[in-house]
Amino acid sequence: MKKYFNFHLIIALLIFGFISCNNKKNAVGENSLKTESSQEHPKLILTAKGVKDIRAQLGTIPIFDKSLEAVKKEVDAQIKAGINVPIPKDYSGGYTHVRHKKNWFILQKAGLLYQILDDEKYAKYVKDMLMEYEALYKTLPLHPKTRSYARGKLFWQCLNDSNWLVYVSQAYDCIYNYLTEEERNKLETNLFRPFADHISVDSPQFYQRVHNHSTWGNAAVGMIGLVMDDDELINRALYGIKDLKLDANKKDDDGGFLNKDGKAGFLANIEEPFSPDGYYNEGPYYQRYAMYPFLVFAEALHNVKPELKIFEYKEGVLLKSINALLNLSDADGEFFPLNDGQKGMSYYTNALVTAVDVSYHFGNQDPGLLSIAKEQNKVLLDDSGLAVALGIKSGKEKTFTKKSINLSDGPEGKQGGVGILRNENLELVFKYAAQGSSHGHYDKLSYSLYENGEEVIQDYGLSRFVNIEQKGGGNYLKENKTWAKQTIAHNTVTQNETSHFKGKYDIGSLHHSDLNYFSSDDKNVQVVSAIEKNAYPGTTMLRTMAIIKDKDFEKPYMLDIMKVTSATANQYDFPFYYFGQVLQTNFEYNSPETLKPLGSKNGYQHLYLEGSGKASEENTRFSWFNNNKFYSLTTITNTKDELLFTRIGANDPEFNLRRDPALMLRTKNAKNRTFVSVIESHGSYSAVSESAVNSKTSIKSIKTLLDTDKYTAIEIININGNVKLFITANKNNSKEAKHNLTINNKNYKWSGSYYFN
């Protein structure tokens with residue numbers, strides 16, 4: 001009887017509790033429950049539920065276990081070495097800079113280890129170091145290095161201070177419950193709130209912008225605000241600083257304007273730089289850098305404030321952007337150096353480990369991402385890393401296939417873009433985008449060409465030795481402006497030795513190129529075409545580029561048609577920045593005994609003239625050798641065209657620039673000029689057998705059969721006499737457009753943007 005009574009009593013109490021909870025929910029609303037649940041720590045990236053799930057799986061998930069062991073080994077070594085919180089004094093790459101940077105990583109990792117391994121030594125280490133930072137920070141003036149437009153306190157720029165707080169917020173979240181209330185108050189009052197205030201309220205020129213710098217600042221303020229449940233900081237992060245007046249015309253040393261349109265905060269930094277396709281206007285190098293704060297703050301918002309639906313914001317552009325970024329890499333996973341970009345940066349960087357794991361966990365669990373995670377050979381020690389590890393363990397991965405893709409630029413996708421054509425091992429990257437914020441280059445309608453991850457025709461990238469103190473403190477060098485950003489440093493047309501938009505950011509930021517058409521439906525013929533009308537007043541550039549797979553050629557080849565029309569006569573320079581050794585030309589040239597610069601400004605002052613000649617035939621040929629492969633350029637010329645061998649490095653006494661070569665085609669005193677070129681990769685060479693295979697071009701001739709406002713037709717004849725014709729529609733080039741054209745008494749009919757047969 002007693003057992004029976006207790007059973008019913010328990011049921012009654014459960015029912016009463018359920019009703020009470022529902023009544024409470026109805027009375028105080030959904031928000032109070034969310035606020036109550038948000039007190040649980042950790043809650044930002046690694047969650048309390050995630051900790052339980054991870055602990056339950058430890059020892060059975062190989063890639064996670066391996067990642068955990070590597071982090072444990074690293075952190076244990078740092079704990080053994082002792083805490084080091086030096087007084088700041090250096091630029092990037094200097095000792096104090098590197099030490100504080102190391103500390104932010106170790107703090108975050110130690111916090112994770114405390115949660116996953118439930119070992120107090122890691123929490124104590126984090127607490128002890130944070131207390132040292134608390135003691136130091138309240139004594140710090142601005143950083144002694146004065147070069148930055150927004151100086152930090154721990155670092156020479158607020159950007160790095162923000163880096164620190166993004167990571168340390170996660171560490172604080174992980175040990176939050178380990179600390180006493182008194183300890184938390186001490187840290188928040190003397191370290192975290194002043195830190196957040198300095199990078200935001202005290203540094204509006206840094207914080208109140210749409211820029212990758214500001215994204216880090218927004219994330220830093222927002223994440224520490226989420227840990228502390230500080231709504232003021234969270235709102236400041238999301239929407240910027242309200243009622244703040246700034247000089248809209250004040251320009252910082254990074255080339256941007258301060259709050260000129262009133263847009264600021266994390267949401268504005270999602271809305272403005274990303275196109276609907278996920279392309280980030282500063283380029284893939286800085287998209288990679290910004291993806292970490294974008295994604296970790298978004299993940300924290302998703303976990304703590306799910307009502308914001310942050311991963312659905314702007315039609316889910318943050319997750320789309322990861323796919324776009326992965327497609328902006330070559331066969332080796334290295335990002336194309338569009339705008340300011342350091343070569344060699346790849347999706348093996350930690351920021352992309354975060355991107356891949358977050359995309360898989362919060363996206364549609366694309367099995368292709370698992371194959372990249374396997375290549376990265378590590379995962380995050382959090383909820384998303386666990387999801388990836390379990391997916392790999394279950395054998396769900398599939399190859400991530402990069403295809404030809406067109407990525408629009410601009411908030412609404414109407415400011416040009418980047419087209420990537422892929423066929424077999426060949427990749428063509430065609431840039432017709434907007435300026436790219438302060439990191440943009442003056443290189444409208446430029447391109448670079450890759451074969452199996454190796455540069456064939458290169459984009460120079462940036463002029464900077466990142467975090468190498470001996471070279472300008474690890475910061476941008478003056479040659480970034482005098483060379484790397486200038487038009488002549490890129491594979492496009494320079495008019496009258498003057499860069500596009502006169503090399504002025506104020507002008508360039510007002511304009512963008514426009515897509516003519518993009519076609520990748522036919523795997524054998526893939527084409528991208530775009531037009532630029534503003535780089536030079538009175539001059540229009542229309543460039544159509546194709547990757548063509550033809551059975552008469554060993555490999556796919558590139559066809560390039562650059563149509564320049566102008567109201568006045570001009571000099572046009574058209575370079576090819578190749579790599580390797582010259583093999584053969586069909587024109588004579590002279591080499592000067594003494595090297596001199598090609599010009600005096602706009603990048604020309606950095607080019608040595610190593611050889612010069614004149615075209616002697618309708619087709620100029622140039623072949624070179626690189627990476628045991630042969631390459632040939634065939635370009636249409638006339639006898640007035642000059643051919644210049646140049647090499648980067650003039651007026652560079654500190655050897656800041658690479659000594660890379662180029663062949664430049666120069667046309668003088670011409671209003672209109674259509675540059676038509678074919679670049680082939682062919683054959684191979686073995687140093688072991690000392691044998692060369694297929695070392696010569698397969699092209700007999702190329703010829704322009706028609707060139708009008710409406711159409712340009714190019715004939716390509718191979719060495720066996722087989723004839724192919726490529727016709728591009730310069731206007732009326734939609735997929736549905738129908739064309740009827742007669743060339744040399746022969747009629748051609750087709751539908752679409754181009755004709756090839």
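The values are calculated or read from the model by the stated rules, or taken from the named source; none is laboratory data. These figures come from a predicted structure and were not determined experimentally. Every residue, glycine among them, receives a Cβ derived from its backbone with ideal geometry; neighbour counts consider all protein chains shown.
Looking for something of a type in the set (V, I, T), closer than 30 Å to P597 by Cα and touching a Gly at 6+ places or on another chain (Cβ under 7 Å) - is there at least one such residue anywhere in the stretch 458-475? Within the stretch 458-475 (the criterion being of a type in the set (V, I, T), closer than 30 Å to P597 by Cα and touching a Gly at 6+ places or on another chain (Cβ under 7 Å)), the answer is yes, since at least one residue qualifies. Taken together, K414, K378 contain a single residue that is within 24 Å of Q526 (Cβ to Cβ), over 15 Å from the mean Cα position of the chain (by Cα) and of a type outside the set (S, T, Y), which is K414. Tell me yes or no: at least one residue of the stretch 677-699 is free of Cβ contacts under 8 Å to residues at least 60 places away in the same chain, under 22 Å from Y578 (Cα atoms), among the β-branched types (V, I, T) and assigned by TED's automatic domain parsing to the domain that holds Y631. Scanning the stretch 677-699 turns up at least one residue that is free of Cβ contacts under 8 Å to residues at least 60 places away in the same chain, under 22 Å from Y578 (Cα atoms), among the β-branched types (V, I, T) and assigned by TED's automatic domain parsing to the domain that holds Y631. Here A535, A484, A489 are screened, and the one residue that is small (G, A, S), in the same structural domain as T637 (by TED's automatic domain parsing), farther than 30 Å from S148 by Cβ and at pLDDT 95 or above is A535. Quick check: anything in the stretch 665-687 on the phi < 0 side of the Ramachandran plot and touching a helix residue (DSSP H, G or I) at 6+ places or on another chain (Cβ under 9 Å)? Scanning the stretch 665-687 turns up no residue that is on the phi < 0 side of the Ramachandran plot and touching a helix residue (DSSP H, G or I) at 6+ places or on another chain (Cβ under 9 Å). Take the conditions (1) at pLDDT 95 or above; (2) surrounded by fewer than 18 Cβ atoms within 10 Å (Cβ to Cβ); (3) part of a loop (DSSP other than H, G, I, E, B); V582 misses just one of them, which is (3). Tally up the residues in the stretch 397-411 that are aliphatic (A, V, I, L, M) and over 15 Å from the mean Cα position of the chain (by Cα), please. Final tally of qualifying residues: 1. If the condition is being of a type in the set (G, A, S), over 19 Å from P575 (Cα atoms) and modelled with pLDDT of 95 or more, then the stretch 421-455 contributes A433, A434, G440, G453. With respect to the conditions (1) without any contact (Cβ under 8 Å) to a residue 60 or more places away in the chain; (2) surrounded by 22 or more Cβ atoms within 10 Å (Cβ to Cβ), L226 falls short on a single one, namely (1). For the stretch 614-649, the set of residues classified as assigned to a loop (DSSP other than H, G, I, E, B) and surrounded by fewer than 20 Cβ atoms within 10 Å (Cβ to Cβ) consists of S616, E617, E618, N627, N628, N638, T639, K640, G649, listed by residue number. Within the stretch 187-198, no residue that is farther than 22 Å from Q157 by Cβ sits with its Cβ atom under 7 Å from a residue that is buried (at least 22 other Cβ atoms within 10 Å of the Cβ) and of a type in the set (F, W, Y) at 6+ positions apart or across chains. You will find that of S612, S623, S600, S632, the residue that is in contact with an Asp or Glu (Cβ under 6 Å, 6 or more places away or on another chain), among the hydroxyl-bearing types (S, T, Y) and assigned by TED's automatic domain parsing to the domain that holds V676 is S632 and no other.
In the stretch 685-695, of all residues being assigned to a strand (DSSP E or B) and over 37 Å from the mean Cα position of the chain (by Cα), the one that is nearest to L741 (Cα to Cα) corresponds to V693.
Which of the residues spanning the stretch 713-734 are more than 17 Å from S519 (Cα to Cα) and of a type in the set (S, T, N, Q)? Across the stretch 713-734, the qualifying residues are N718, N720, N722. Could you please find all residues in the stretch 318-371 being at positive phi and in contact (Cβ under 8 Å) with a residue 40 or more places away in the chain? If the condition is that a residue be at positive phi and in contact (Cβ under 8 Å) with a residue 40 or more places away in the chain, then G333, N339 are the ones that fit. Condition first: modelled with pLDDT of 95 or more and either touching a helix residue (DSSP H, G or I) at 6+ places or on another chain (Cβ under 7 Å) or outside any helix (DSSP H, G or I) (or both). Can you find one or more residues in the stretch 20-41 that meet it? The answer is yes; a qualifying residue exists.
Checked against the criterion of being among the aliphatic types (A, V, I, L, M), in contact with a helix residue (DSSP H, G or I) (Cβ under 9 Å, 6 or more places away or on another chain) and in a loop (DSSP other than H, G, I, E, B), the candidates L140, L107, L154 yield just one match: L154.
Pick from the stretch 585-612 the residues that are charged (D, E, K, R) and in a loop (DSSP other than H, G, I, E, B): which of them is surrounded by the most Cβ atoms within 10 Å (Cβ to Cβ)? Checking each candidate, the answer is K601.
Kindly provide the set of residues from the stretch 199-218 that are part of a loop (DSSP other than H, G, I, E, B) and not hydroxyl-bearing (S, T, Y), ordered by number.
At the first step, the residues of the stretch 199-218 found to be part of a loop (DSSP other than H, G, I, E, B) are 200-203, 208-211.
Once the filter is applied, which keeps residues that are part of a loop (DSSP other than H, G, I, E, B) and not hydroxyl-bearing (S, T, Y), the stretch 199-218 yields V201, D202, Q208, R209, V210, H211.
Scanning the stretch 487-510 for residues that are closer than 20 Å to Q435 by Cβ, more than 21 Å from the chain's Cα centre (by Cα) and of a type outside the set (S, T, Y) returns I488, V493, Q495, H500, F501, K502, G503, K504, D506, I507, L510.
The residues of the stretch 363-407 that are buried (at least 19 other Cβ atoms within 10 Å of the Cβ), touching a Leu at 6+ places or on another chain (Cβ under 8 Å) and closer than 22 Å to F336 by Cα, listed by number, are I372, Q376, F400, S404, N406, L407. When restricted to residues that are without any contact (Cβ under 8 Å) to a residue 24 or more places away in the chain and farther than 20 Å from D119 by Cβ, the stretch 165-183 contains 2. Here the stretch 623-653 is the region considered, the condition is being among the charged types (D, E, K, R) and in contact (Cβ under 8 Å) with a residue 60 or more places away in the chain, and the residue that is nearest to Q581 (Cα to Cα) is K629. Scanning the stretch 67-97 for residues that are part of a helix (DSSP H, G or I) and in contact (Cβ under 8 Å) with a residue 24 or more places away in the chain turns up S67, L68, A70, V71, K72, E74, V75, Q78, I79, H97. Every listed requirement among (1) assigned by TED's automatic domain parsing to the domain that holds D506; (2) within 22 Å of the chain's Cα centre (by Cα) is met by E424 save one, (2).
Taking the criterion of being β-branched (V, I, T) and under 20 Å from H41 (Cβ atoms), would at least one residue in the stretch 180-200 satisfy it?
Yes, that holds for at least one residue.
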